[in-house]
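Rule-based calculations on the coordinates, nothing more; no lab input. The structure displayed is predicted, hence computed values, not measured ones. So basically every Cβ, Gly included, is an ideal-geometry build from the backbone, and we count neighbours across all protein chains shown.
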Amino acid sequence: MTDAALDTRSGLLPGLLREAGALALAYFRDPSRFTVQVKGLQDQASDADRAVEELISGRIAALFPQDAILGEETGSGGALAADGETWDRRDGGAGFLWVIDPIDGTQCFVNAIPVWCVSVALLRNGQTVAGGIFDPNADELFLARAGRGASLNGTPLTCSPAGTLDQGVVGIGFSHRTGTEPALAAIDGLAQAGGMFQRNGSGALMLAYVAAGRLLGYFEAHINAWDCLAGNLLVTEAGGHVSPFLADGGLTGGGPLLAAAPGVAAELGRICAMTGNEGCL
Ligand code: IPD
Ligand code: CA
Ligand code: CA
């Protein structure tokens, strides 16, 4: 079935992500071009974050002025109603919402560590229908479209075939938005199961790695929508399982997240429950 409104929007993603990634990379390679501002404990933003978000939002607004945009650095710009449920439909509405993280992995970015990416998700009527993550340092473009699979530089992706946690590595995210207990409980549960953990500084990239079969799964006690929506679609389209982040109000407030390859989803679900987050998977 053709879906012209969605096709034109999702068709924008590859070029948009590459253009945004190139701009971010130019800043990254010349740190004299940016200053860093502190938003919170271990939470920073730079001129690069804002410039990249402006580039992405500007391209979208020029082509689809009726669409709503939720960007990490500029906020919702009035795109969402206060209850977070009602989209801004200036034209009577196609119901599209773009969710942008201009640079995910900002702490790495500002410390000259090449582990960060650009992430853009597209929602229609509250469901993620397309998304992409671009890692300019590795020249890796991850794309997903609901019902049509996930790909890396054009090659289809599937999650790891592993059946037990001792067969690979699980990403564990942590930010100071929560205490340390859930992350420590997850690490403990993983270790008991013969598993291993990694935190690379970019939740979006670790979710893309779950979709690519590089990581067995990903857990974070609190993550925001711009960090994870594109990655969540990548994982589900690659055959993995993702906890009900949007159904639990994650769009406006963020929340806990578990993503897992199918063969380890039950085991990771049990570990997630040990962190105090019931019903992860
Ligand atoms: C952060 C990263 C980090 C995750 C945090 C995010 P930022 O995003 O994804 O890995 O643990 O929850 O806030 O600040 O680099 O865009
Ligand atoms: Ca982020
Ligand atoms: Ca960010």
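Kirkwood Rh over Cα pairs of region 97-191 into Stokes-Einstein at 10 °C, 1.306 mPa s: D in µm²/s?
Details: Rh = 15.9 Å.
Answer from the Stokes-Einstein relation: 100 µm²/s.
Just to check, using Stokes-Einstein with a Kirkwood Rh over alpha carbon pairs, what's the diffusion coefficient of the chain at 4 °C and 1.567 mPa s in µm²/s?
Answer, rounded: 69 µm²/s.
In the chain, which helices (entire DSSP H runs) extend 30 Å or more along their own long axis, judged by Cα positions, while averaging at least -1.0 on the Kyte-Doolittle scale?
Working: long enough: 4-29 (38 Å, 0.54).
Sorted by number, the helices that extend far enough and score high enough are 4-29.
Report, please, the projected area of region 135-242 averaged over directions, based on the convex hull of its C-alpha atoms, in nm².
Working: hull surface 27.1 nm².
Across all orientations, region 135-242 yields a mean hull projection of 6.8 nm².
Compute the distribution of all C-alpha to C-alpha distances in region 167-224, in bins of 10 Å from 0, and list the percent of pairs in each, rounded to whole numbers.
26, 55, 19, 0
So how much slack lies between Gln66 and Val38, counting 0.36 nm per residue of separation and subtracting their Cα-Cα distance, in nm?
6.8 nm
To the nearest 500 deg cm²/dmol, what mean residue ellipticity at 222 nm is calculated for the chain from DSSP H runs of n ≥ 4 alone, each contributing -39,500 (n - 2.57), summed and divided by the residues?
Details: 8 runs with 96 residues, N = 281.
Value at 222 nm, helices only, nearest 500: -10500 deg cm²/dmol.
Applying 1/(1 + (r/R0)^6) with R0 = 41 Å to the Cβ-Cβ distance of Arg29 and Ala266, what FRET efficiency is obtained, to the nearest 0.05? Before the final figure, lay out each step's value.
On the way: r = 44 Å, r/R0 = 1.07.
Plugging the Cβ-Cβ distance into 1/(1 + (r/R0)^6) gives 0.40.
Report the extension gain between Ala112 and Asp188 in nm, rounded to one decimal, defined as 0.36 nm multiplied by the number of residues separating them, less their alpha carbon distance. Mind showing how you got there, number by number?
Details: separation 76, 0.36 × 76 = 27.36 nm, distance 3.05 nm.
Gain on extension, Ala112 to Asp188, equals 24.3 nm.
Please give the peptides 18-27, 184-193, 124-133, 54-63 ranked by average Cβ packing (other Cβ atoms within 10 Å per residue), highest first, as a rough proxy for protection. Write down the numbers at each step before the final one.
Details: 18-27: 19.3, 184-193: 17.7, 124-133: 21.8, 54-63: 15.9.
The densest-packed peptide leads the list: 124-133, 18-27, 184-193, 54-63.
Give the peptides 134-146, 202-214, 99-111 in descending order of average Cβ contacts within 10 Å, highest first. Provide the component values of the computation, followed by the final result.
Numbers: 134-146: 21.3, 202-214: 27.3, 99-111: 24.4.
Top of the packing list down: 202-214, 99-111, 134-146.
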